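Enquirer: Can you read through this structure? Questions will come right after.
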Amino acid sequence: MKKYLVLIPLAILVGVIFTACSSGPNVNDGRPIIRIGYLPITHAMTLFVVNDMVADDDSFGVELERFSSWPDLMDALNSGHIDAASALIQLAMASNEAGVDLRAVALGHRDGNIIAVANYIETVQDLRGRTVAIPSPMSTHNFLLNMLLWENDMTVDDITVIQLAPTEMVSALTSGSISGYVVAEPFGARAVTLGVGTNFAESQDIWEDSLCCALIFSYDFIADNEDIVLEFMHMYHEAGDFLEQNINPISDPVREIASRHLMVDDETLELSLQWISFAELDIREAEYGELYRFKIEIGLSQSPPQFDDFVLNHCCIGRQ
């Protein structure tokens, strides 16, 4: 892989790390409950579908907890307030590297990230001297921006990179305070449907098979509740298959599930889902290896967790 430079501050956004402790899951009506955190983004749709799949007679229940920012979500996961989360995989890797025993058990999605830019941006060179937003230095969105610039003989030295919450990006683009952003869906699609921005580039055209959001579990929770986690993961992969079969065109059940978890109109949801795949959500070692090497090359980490120490696909639960 080529050398890419990142010249913005690269603080690890995990705050003060507390090692998560597990004394078993919460129990409600005699059933253990898996507490799972999420941000209201299209990339977490698989989790929303699983939540609907869990029935009263299943051996476990699911309690979803909504967060408004990645740092808040990761603090909750790192401290053991929640058992699992749909989170940026880079943030989870940083927590693992800092001593919190987390495991990535599946992807949240494949592809589905775009670089949204103001309508007056026609080439990458037009971004020179302008401001572009990302949700976190520890994100595939940051990596994609750097790759796009590098491939066009530019670096982040040529632009101003700021960090914004995903919910603030569309309004910032509308007001002209930024000229573009890279973030999880549906916020890229929202700029397009509002007419304030365009889809300048898609993730698969910049970094094919890039890893972004993943389902992350506390390892202690997995170790103490292997049967429950394995049953949950079977449902999770079924949910991914269901979404893949029901998003082109979008079925009424998908629209209804999205309406309960996302503040998004139908047009934006439909466009957003055109860019995302929910197929084959196991984490492949080769893809993880690219992410591992890239984190080191751009200075985000000196020793990211190795694949076998961090990734635990559902087929391997109980064999570790």
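Enquirer: May I ask you to give the solvent-accessible area per residue for the stretch 134-265, in square angstrom, as obtained with a 1.4 angstrom probe?
Expert: I get 38 Å² per residue for the stretch 134-265.
Enquirer: Excluding Asp205 itself, calculate the net charge of residues whose Cβ lies under 11 Å from the Cβ of Asp205, where each Lys or Arg counts +1 and each Asp or Glu counts -1.
Expert: -4
Enquirer: Expressed as a whole percentage, what fraction of the accessible surface of the stretch 55-106 belongs to carbon and sulfur atoms when a 1.4 Å probe is rolled over the protein heavy atoms?
Expert: Exposed carbon and sulfur together represent 40 percent of the surface.
Enquirer: Find the Cα radius of gyration of the chain, compare it with 2.2 N^0.38 Å by division, and give the number to two decimals.
Expert: Dividing the Cα Rg of the chain by 2.2 N^0.38 Å gives 0.96.
Enquirer: Right, here's the next one. Between helix 70-79 and the chain, what is the angle of the helix's C-alpha long axis to the longest principal axis, kept within 0 to 90° and rounded to the nearest 10?
Expert: Rounded to the nearest ten degrees, it is 30.
Enquirer: Principal axis lengths of the stretch 142-269 from Cα atoms, whole Å, largest first?
Expert: Answer, in whole Å and largest first: 51, 34, 25 Å.
Enquirer: What is the percent carbon and sulfur in the accessible area of the stretch 192-320, measuring with a 1.4 Å probe over the protein chains and ignoring ligands?
Expert: Carbon plus sulfur share of accessible area: 44 percent.
Enquirer: Picking from Asp83, Asp126, Asp57, which is most flexible by a Gaussian network model of the chain using Cα springs under 10 Å?
Expert: Asp57
Enquirer: Quick one: which residues, 5 or more positions from Ser139 or on another chain, have an amide H under 5 Å from its amide H? H modelled 1.01 Å from N in the peptide plane, none for Pro or chain starts.
Expert: Correct list: empty.
Enquirer: Follow-up question, since we're still on this one. Of all the C-alpha pairs in the stretch 196-264, what % are more than 21 Å from each other?
Expert: The answer is 54 percent, as a whole percent.
Enquirer: Can you give the net charge of the other residues whose Cβ lies under 14 Å from the Cβ of Ala184, counting K and R as +1 and D and E as -1?
Expert: -2
Enquirer: Same structure, new question: Any idea what angle helix 285-297 forms with the longest principal axis of the chain, computed on alpha-carbon atoms, 0 to 90 degrees, nearest 10?
Expert: It works out to around 50 degrees.
Enquirer: Can I ask one more? Let me check the size of the stretch 91-165 from its C-alpha atoms; what are the radius of gyration and Dmax in Å?
Expert: Spelled out, the Cα radius of gyration and Dmax of the stretch 91-165 are 15.0, 46 Å.
Enquirer: Quick check: residue separation of Asp241 and Arg66 times 0.36 nm, minus the Cα distance between them. What number comes out in nm? Don't jump to the answer; show the numbers that get you there.
Expert: Values: separation 175, 0.36 × 175 = 63.00 nm, distance 2.38 nm.
In short, 60.6 nm is gained.
Enquirer: Want the number for Thr160 to Ala55: 0.36 nm per residue separation, take away the alpha-carbon distance, what's left? Don't skip to the end; give the middle numbers.
Expert: Numbers: separation 105, 0.36 × 105 = 37.80 nm, distance 4.86 nm.
Gain in length upon complete extension: 32.9 nm.
Enquirer: Can you give me the Rg/Rh ratio for the stretch 212-320, using Cα atoms for both radii and the Kirkwood formula for Rh? Intermediate results must be reported in sequence, preceding the final value.
Expert: On the way: Rg = 16.9 Å, Rh = 16.4 Å.
Rounded to two decimals, Rg/Rh equals 1.03.
Enquirer: Further question on the same structure: Identify, among Pro135, Ala76, Val105, the residue whose Cα sits farthest towards the positive end of the charge dipole of the chain, taking +1 on the Cβ of Lys and Arg and -1 on the Cβ of Asp and Glu, with the dipole about the Cα centre.
Expert: Pro135
Enquirer: Need the C-alpha centroid separation for the stretch 252-289 versus the stretch 73-115, integer Å.
Expert: For the stretch 252-289 versus the stretch 73-115, the Cα centre distance is 18 Å.
Enquirer: Still on this structure, I have one more. Tally Lys and Arg at +1 and Asp and Glu at -1 over the other residues with C-beta under 12 Å from the C-beta of Glu238: what net charge comes out?
Expert: In short, -4.
Enquirer: Let me ask another. Taking only Cα atoms, what is the 0 to 90° angle, nearest 10, from helix 166-175's long axis to the longest principal axis of the chain?
Expert: Approximately 20 degrees, to the nearest 10.
Enquirer: If one computes P(r) from the Cα atoms of the stretch 76-225, what percent of pairs lie at distances over 25 Å?
Expert: 33
The values are calculated or read from the model by the stated rules, or taken from the named source; none is laboratory data. Quick caveat: nothing in here was measured; it's all calculated off a predicted structure. Cβ: placed from backbone, ideal geometry, glycine included. Neighbour counts: every protein chain shown. Note: accessible area is taken over every heavy atom of the protein model, side chains too, but ligands, DNA and RNA are not part of it. Shrake-Rupley method; radii C 1.70, N 1.55, O 1.52, S 1.80 Å.
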